[in-house]
1. Along Cα→Cβ, 7 Å out, is where each label goes; now give me the distance between the ones at A:Ser70 and B:Ala363 in nm to one decimal.
2. Could you please state, rounded to a whole Å, how far the C-alpha centre of segment B:344-391 is from the C-alpha centre of segment B:601-672?
3. How far is it, in nm, from the label point at B:Leu567 to the one at B:Asp230 when both lie 7 Å from their Cα along the line to the Cβ?
4. Taking the dipole about the Cα centre of segment B:345-408, with the C-beta of Lys and Arg at +1 and of Asp and Glu at -1, give me whichever of B:Asn352, B:Ser406, B:Pro372 is farthest to the positive side.
5. Could you tell me the calculated FRET efficiency between B:Gln7 and B:Glu81, based on Cβ-Cβ distance and R0 = 45 angstrom, to the nearest 0.05?
6. Just to verify a number: FRET efficiency for A:Ser171 and A:Glu139, C-beta to C-beta distance, R0 = 25 Å, to 0.05?
7. I'd like the orientation of helix B:186-198 relative to chain B: the angle between its Cα long axis and the longest Cα principal axis, in ° from 0 to 90, rounded to 10.
8. Just checking the output field for B:352-360: average partner chain Cβ neighbours within 10 Å of each residue's Cβ?
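FYI, it's all coordinate maths here, none of it is from the lab. Quick caveat: nothing in here was measured; it's all calculated off a predicted structure. Here the Cβ is made from the backbone with ideal geometry for all residues, glycine too, and neighbour counts use every protein chain on show.
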Amino acid sequence: MQITGLLHGSRLLKHVDFPCSEVLGPGASEDEIQAFLDKHGLVFVKPIFKGAIGKKGKAGLVGMVRDLQSALAEKERLYFAEHKHGNVTAKANGVTFEAGVPAENEVYFSITDDSQFRAPTMTLTHRGGVDIEELGKDEIATVPFDALTGLKAFVVANALTDIGAPKEIISPLVQQLPKLWELMHHYGMTTLELNPIRMRPGKNGRLTPVACDFKCGFDRDDPRVARLGLPDQLFASDISAFEQEVNQLRTHQGQSDVFVINEKGTILAPTFGGGANSLVTEVLGDAAIISSDFGGNPPYEKMKSVASICYKHFLDQTNVLFIIGGKSNNTDILETLRGMGDALREHFATRGPVPLYVVVGRGGPNLVRGFGNLADTLDSLGLPYRFFGFDSAISEVVNYAKDVDLWMRDGGREEIARHLGISAAA
Amino acid sequence: MNKQRIQGFPYYLGINALSDMATRDDRVCVLNIMGGESRQVTPTSHAFSGGNVVFGTAPGKAGSVLKTPAGDIPVYNNVREGLDAGHDFNVGVVYLPPSGVRDGVAELIRVNSGLEKIVIITEKIAVHDAREIRAMAQAKNIDIVGGNCLGVADSWNRVRIGGALGGDHPDESLLKGSVSIFSNSGGFTTTIAQYLATEGWGTTTLISSGKDVYIHYAARDFAHALKNDDRTKAAVLYVEPGGYYEHDVDFGKPTVACVVGRWKSKLTRAVGHAGAMAGSGDKAEDKENWFIEAFGTDGVYTPDNPVVSKKGAVVNNISDIPAALTAVMELNDETPDFPSTGSLALKPWMANDRGLNLPEELALKPVKPSAPYDEQVEALKEHIGAMVARQTMKDKSGASVMDPKSQVTSVHGHSVLDLALEPLEANFALPLVHEIANENGRALLDVAVAAEVNLVGDPILVAADAAREAGNAPNAVMATAAAIVGPNRVERALNCTDILIELFAHSGLQDGSDEDFDTSGITLDEQSRALFLAGPEDKDDPRPEAMLKAVAARGGKSVFLKFLGGLDARLNRDAILAAIALTISWGPLMRKRITKLTAHTLPWYLRLYGVMVGATIPGTHHQSGSLCGIPREERFSEWTMADLCYLAMTGKKPTPEESLPLQILVGLLISNGPGSISAQGAKGAVAADGPQTPDRVQINKAMLGFLSHCGYSHGGNGFEGMAFLLQEFEGKGLTDPTDPNHGIDLKQMARDFAKDYQRAKAEAKELGSEVRALPGVHHPIFKGKPVNHDPRERFIAGFMEKRGDYNIFHAFYRELVQALYDTGASRYVFCVNVDAVIAALLLSLLWKDYQSGALKKHDLENAAFTVFLYGRMIGSAAEIDDHLNRGRNMDTRTPASACGHVV
């Protein structure tokens, strides 16, 4: 869950009263834009993306204008700009007009939970505006600090002194930067980055740090995020309808983490355990429809609901229903297999049968009872199956499921369909 | 807190050697000890560790205890209370929900100055809280393991703290050896230990570190303790992407690192492991390179490319860990701790390929698992037939369902339209075995039911006749007969069935008609044998011989009859009935399509079918050895169910042309879904007896439920259509309804009627009254279009046309709906509905006899009702069996709140 840009960033910064450059949203009228230009002279036009967008890539996707005509031309160019970043191609929807802030100094500031220090860590340099990777170590301050006492003024002061920052920027930064820790820590953020912060000269020469860009990431598990009252659809592009449905069932009693790997996959693999999830997803590759972790001992009703949702979205195209996990430590195998079996029976009753092959690899409490229950369900539905215990290497079981899928693709599905007296088409 | 902090670390670290992680001296306090997960796990941990949990907390539950195999653990409201009661501990285990973890940690730290370690099991802790937890612990010199982890265990010390490492039986997986495991995945910690054992490697200390953003006890800390632990010769790491925890760490001893999660670079969100989202430079591939550099190997170890060094190896797949470790240790001149405990090759425990043509490498045969699982799997096999879970079955049916669009009902997956085209006896077993009987099955069924139809000398006949004479409707007459067929009347047959099932259940017999099956190994004990043989009460009963002869005449095959034949003694007819019933139900029973209960009760249904059909034949026609003048041998050896039903209705044997329409009629009437009143009656009867104690449910009483819940409106209204047709065709000189050259102007008839009807409608409107609804036309669902069709009528019409069969009454109806429209009596062309078809078919069957005077109007009415009963008894049997297997006691009642009161 991430936010980039000042459209929302400025609102968040307002929560802690951190100075921010003025922003107009995509709905600004020409009059408003003109007035804006009159006031600030230099205006930046930036496309609005959802989620996280790489900073480097944005070069070329920012317009600098001083008159209305150029502003409108940039608006048109950037309104639906597309940007490829890593595995994601993002499409903008709107632009912001951001006041240019005249300054001689640009500062880079971020806070993350650094695994090298295992503490919240501030990264700060007065050589902002350039790629931080290109700077020397002595020009960047990377300072962990105590989470309970927070980012103290003296920590900022010491850091700036250590990297030789110009004297005139130290005091203003020392005053304002600690507020950002308040924003981050109390509103459920995991990362916060302002790059650049421009030091704007004011009356009597005092500099004010002004945030000219904003990027933050949120912790899905922290209810504090709700304090910000951010609209849900801000993060909606992150997840598909299916993922949303399943995630609604998220409680601490049994995970229901899912991610759609390949909408056209043919192996539906409800997986149990984070470790199993990694292994299975990696080995199945694109044959897998989802990557999931349903471990943590979900109760019967929840398991059944989650399974129903998965079947509803993906069972029609599934060749192999692959229920897999290691030797569970506390997840009850009877309850989980019963939930998935009953959901399958109901799915067949309401949506008709699907030619499936069922492979199970599992271990844990009530293992054989769970096997027996699922076998009875599959017997009554007329589906073929093979169950492996925990004494078969889990990676071999995954390979087996892959091989069955290949056989299904190569005519096996038709054969099962004939046995069931139905059409093989997905 | 007199712990010395270890030098050389920029943060507090207290654990110096792995042997200090989980010791016999550690005393444990569990927060939220009575929570769901802890309740399952803590007792095992406590017992395994020799009783290391001194107390637990659970607000509001002070004074209770957690029972464990090693004694009770006292529970207090909070930590202070426990300490005040005199307990001491140095390790806290946190099972609190995510929002409570931070405060729980704070409590442990602030209240107990003797605290040294905390293990946090909880997952999905907010990063905010994790930060503060770390800061608090660091400030007070406390080591933390977790969050989102399964705790720690030590195979040498036989101690387990926190979570369920080693599962339910830690003795099985925690084998003493020389390898330490440090894993980001809790579940895989145990799995890796098991995998190592297959190469002969045991373990020292196992640590589940979790994979949150904050890993409080991380690889660097582990490496330090590893180096200082004399017992441990090597380490196995299981590592996921995200975080620099493993960067630049010197392990000091041979290490196999399993790095998993290359695909996670594709993710935009974490799945399962919150911290396994790489930022930059800490992807799976990056971590692989850290280890490759640290170990100096040439790449990732795979079975095809087994690159290792003295320092270690990197794998991507956990099943490569054991072999990689052995290879690394060989370079270090170390051998495994004990002989291998088995392999991890694929061993299916259970499989069912359903006769599919799987390639050899996929069709792996199930093997016997190790104890105690082998016994458990065996016990599963003992169970015979399907297992069905019970639920409320009010207004629900697993047997029938009506398609809302087509209004066609299906019974066990077969639409009644298809069933109408099957021979009647094929349908009699359907409701109970969920499959349509094949030719052999049909032959046997015909014999079984035929043997029940002649009721001469049976009080049932007297009762049925009395009911008939009293002017009761056909369903009440049938009910009288059914009421007498109570448990004592079927006890012997049902017992025989049970014995046969027990005898053959595990014999390998798959097909009841397989007379080549070797039954030499199967023997009846004396007591059981007596049950099958004819006793003094059977000495005058001609039926056993007649039935066996008939089966032979029809070429019927039954392994059970053959087996019983081998007893070389006279069988009684219940034994024969049981054998026949089981022949038909055996296949579905073995394939787990039906339950043992269903197979057990099948003879009861067959007896009821026969008796109910017989009851519709007046007493005078039941003579010894003949029914309606037809001799026993002929009926048993040649006649079908449809023939018998025809005989019952008309007193004559039908020709095949006459039999077919009856078969179609009965088939169409089999079921109208669970909402129909007849189905509701049957289900209610079962619910009232209590299906959860199936022995108490009297099947014949359930049939009474169906029979009492039909009548002149539901089931008996088929006659209305016939009455209408009789009226219209009065005096038209019709002799043969099946002859297309009848010379009657149907169009004119229809038009005349339509005009009259139109007039009657107009008059009624003036008077403010209603004109009668026309039977056989129109339908609440199939309406509104310019021309409407009832799909069921279309189906039958199509079938008849293909055969070139003509029915004048049906043709008349087609003209009628058109005429109604043409004259303006209807706004659009009504459909001809299925009731019209039923009336047309039946009247055509009985026309000649009616014309000749052999049948009166009253008889026609009875016939219509009776045809309905013949069909619906099959559907009701399906509902009864379904509700018996699946329902709960009294589940059909409507709660008072859903009822209303009127004055």
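1. Computed distance between label sites A:Ser70 and B:Ala363 equals 7.7 nm.
2. Comparing the Cα centres of segment B:344-391 and segment B:601-672, I get a distance of 45 Å.
3. Using points 7 Å along Cα→Cβ, the separation is 7.8 nm.
4. The listed residue farthest towards the positive side: B:Ser406.
5. E(calc), rounded to 0.05, equals 0.75.
6. Working: r = 20 Å, r/R0 = 0.80.
Approximately 0.80, to the nearest 0.05.
7. The answer is roughly 80 degrees.
8. On the way: counts 10, 4, 11, 3, 8, 4, 7, 6, 0.
Per residue, the number of nearby Cβ atoms from other chains is 6 on average.
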